[in-house]
Amino acid sequence: MTTFEDPAVEAKFATYTPRVRRKLLALRKLILKVARTTPGVGDIEETLKWGEPAYVTKNRSGSTLRIDWKPSKPDHYAMYFNCQTNLVETFRSLFPHDFEFQGNRALLFAIDKPFPKDALLLCIEAALTYHQTKRRQGRSARIQG
């Protein structure tokens, strides 16, 4: 899925400056690559949630990812995670020096620096398999208990 299936998402990307658009398209490409290559993730729906490009696993294996740039933080762009999960807390403990964190909901990236690709691949995979992993952990706990 390199082309946009949803015209609203394509229109949203068109609103970003070329510099910001390149950065967000790089995140999008990474999300779609991880979805394609991670067992159990399946198809991704690309849509808008809260006016931001969002990536949802159609088979409900994962938690929604969103990406965006905000005028209030013009030198940064972000990847957002569901704040009701422990994803960002986990990323903070695994990668304390790789990312700038925004509470329990986002990883922030400086517009003038490359993002930490290897660490980010793992974060994206964790998000796209979040529910699948929780179900497996629940089954393991029941078997051990």
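Observations, loosely collected:
- Checked against (1) closer than 18 Å to residue 128 by Cβ; (2) touching a residue at least 24 places away in the same chain (Cβ under 8 Å), residue 77 passes all but condition (1).
- Put simply, of 9, 34, 20 the only residue that is of a type outside the set (Ser, Thr, Tyr), modelled with pLDDT of 95 or more and farther than 24 Å from residue 85 by Cβ is 20.
- Screening region 50-69 for residues that are of a type in the set (D, E, K, R) and surrounded by 13 or more Cβ atoms within 10 Å (Cβ to Cβ) and picking the one that is farthest from residue 122 (Cα to Cα) gives 52.
- Matching residues in region 84-128 - criterion: being within 21 Å of residue 22 (Cα to Cα), among the basic types (Lys, Arg) and free of Cβ contacts under 8 Å to residues at least 40 places away in the same chain: 113
The values are calculated or read from the model by the stated rules, or taken from the named source; none is laboratory data. Note that this is a predicted model, so its numbers are computed, not measured. Counting neighbours? That spans all protein chains shown, and the Cβs are built from the backbone with ideal geometry, glycine included.
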